[in-house]
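All remarks here apply to the structure that follows.
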Amino acid sequence: MGLTRKVAFNSSVQIIGRVVTTLIALITVKLLTNKLGPAGYGEYAAILNYIALFGTLADFGFYWILAKELTEAEGDMAKTNYIMGNILALRSFFALIVLSCAVVAIYLLPTGAIPILNGPVKLGVLMVAISTFWQTLNMTFVAIFQANYRMDRPVIADIVGRIVSLAVLLPFLWLGLNVAWLVSAMIFGAVANYYTNVLFARQYTIVKFQFDRGYWKRIFRESSVLGIVSVLALIYFKIDSVILSIYKSAGDVGIYAAPYKVIEIINFFPAVFMGVVFISLVQSWKDDHKRFQFLISRSIEAMFVLGLPIIIGGIILARPMMNFITSSDYSHASTVAIQLMGYSVAIDGAMVLRLLLVAVWFDFFANILGKGVIAMSRSRLLLIANIIAVVVNIGFNLFVIPRWSYLGAALVTILTEALVLLAQSIIISKFIKVHIPWAVVGRTLVAVIIMAAIIYPLRNSNLLYGIAVGAIVYCIAAWKTKAISEDVIKLVVKRV
């Protein structure tokens, strides 16, 4: 199979896999929100958000360093075994320390120290920490499958893990068990995912821990900057939920958490896109800077053409989206209201989703530029941008969340993502000139306006019907206006 077909196969498999895992995730969220309500789901989300901060620290940038190392070791089985064995051992050791600290820290806090903290939540933190340890190890195998263009393997493993988690969760929900039991279902899924990956990985490497202190030091040194950048990025993405759980009730956290689940699903698509393009970026920066510039520019064009209809469509169909993943009562739940032209307007989950989609629009492009900077081995330059983002995010959130709860958190998220995009644009412009195809931008806007006019009357109708109509209308309009260029089609379909 040629390189072009391999990359196209990888992309297709990941998209199909994401559709399946998204369906499983939506079923899980629907079951949890219907059973627990905003307050109960708020506890569930608070546990996951807290551990997510430590989970990223546990990865510490090892994944992207591993991807680069394996790309450079292509065809050398002995070197591949050496790299995999050492980084798997290093990640295990580091993750164990970091996640243990997370659990100890939460248990040192007295029950009731913050509104959401109780016995089941503390135990839930321990359960999710165990699950996250196994998930961290799973990411090591994803890198070797990506390097060998066999992303079907981790996709299958991920689906197996999610099915196992859901299967364990169902009886726990039926029995009415508390949140600690519910999150413990994730452990079973993570372990099933891990051993499925181990089974598949034997074709490409020997799964065995190795301990080379010199190599560990080098990898840790190289990944340290990227690790700090990743941690900072997740802090400004997740810290609002943590601060919200400190100052507000579990109900507020639950109202904010449900829209965030939609955002996490949407954010997958640029992640898949850049996950595959990243390898080409690393290779082109080393061999052909003009091609690197071409890939960045065309990636931005593709993200604009494909991303704008998702954002605008999501803003219009926010209400049916929230009804789809929760219940009507849940999606209309609100503890915040603002005065607008003499009227009191309740800020519910649908309105929060609309605000967060604006932030996602900025994040789409920041994802591209950030991966470009990493591919150039200039991760240190991202440190300043992310430090500023974290300071701004935490500072503003500490001010607005006690006053405006999740509304303030959503607005600060928009501000932070816009700031990050601006900083990364300045950084990458020092090395390459990014060409923005303004003609394509204009044509895309025309196509999106046509789509929006057609689906706006459907804003309170069935979600799947609205999405289907919007997708068909946009594709026709984009084709007729020539918003989708041949280069973009090649980049999206072939990833070359």
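The values are calculated or read from the model by the stated rules, or taken from the named source; none is laboratory data. All values reported here derive from a predicted model rather than from experimental measurement. Quick reminder, even Gly has a Cβ in these numbers, built from the backbone with ideal geometry, and neighbours come from all protein chains shown.
Assessment of the stretch 222-229 against the conditions (in a helix (DSSP H, G or I), closer than 30 Å to Y82 by Cα and acidic (D, E)) yields at least one matching residue. Take the conditions (1) free of Cβ contacts under 8 Å to residues at least 60 places away in the same chain; (2) part of a helix (DSSP H, G or I); (3) over 24 Å from I27 (Cα atoms); (4) not basic (K, R); F133 misses just one of them, which is (1). The sole residue among N138, N86 that is surrounded by 22 or more Cβ atoms within 10 Å (Cβ to Cβ) and touching a residue at least 12 places away in the same chain (Cβ under 8 Å) is N86.
Can you spot a residue in the stretch 105-113 that is closer than 28 Å to S379 by Cβ and surrounded by fewer than 23 Cβ atoms within 10 Å (Cβ to Cβ)? The answer is yes; a qualifying residue exists.
Identify, from the list L99, L182, the residue that is without any contact (Cβ under 8 Å) to a residue 60 or more places away in the chain, surrounded by 19 or more Cβ atoms within 10 Å (Cβ to Cβ) and part of a helix (DSSP H, G or I). Of L99, L182, the one residue that is without any contact (Cβ under 8 Å) to a residue 60 or more places away in the chain, surrounded by 19 or more Cβ atoms within 10 Å (Cβ to Cβ) and part of a helix (DSSP H, G or I) is L99.
Taken as a whole, the structure places A418 among residues that are farther than 30 Å from R221 by Cβ, hydrophobic (A, V, I, L, M, F, W, C) and at pLDDT 90 or above. The residue of the stretch 319-363 that is surrounded by the most Cβ atoms within 10 Å (Cβ to Cβ), among those that are in contact with a Phe, Trp or Tyr (Cβ under 8 Å, 6 or more places away or on another chain) and closer than 30 Å to I228 by Cβ, is V352. For the stretch 301-315, a tally of residues being touching a Leu at 6+ places or on another chain (Cβ under 8 Å) and among the β-branched types (V, I, T) returns 2. Does I27 satisfy the condition of being of a type in the set (V, I, T), more than 30 Å from S100 (Cβ to Cβ), at pLDDT 90 or above and part of a helix (DSSP H, G or I)? The answer is yes for I27.
Remark: pairs (first residue in the stretch 435-452, within 12 Å of I484 (Cα to Cα) and outside any helix (DSSP H, G or I); second residue at pLDDT below 90 and among the aromatic types (F, W, Y); Cβ separation under 9 Å; 6+ apart in sequence or on different chains) = P437/F304.
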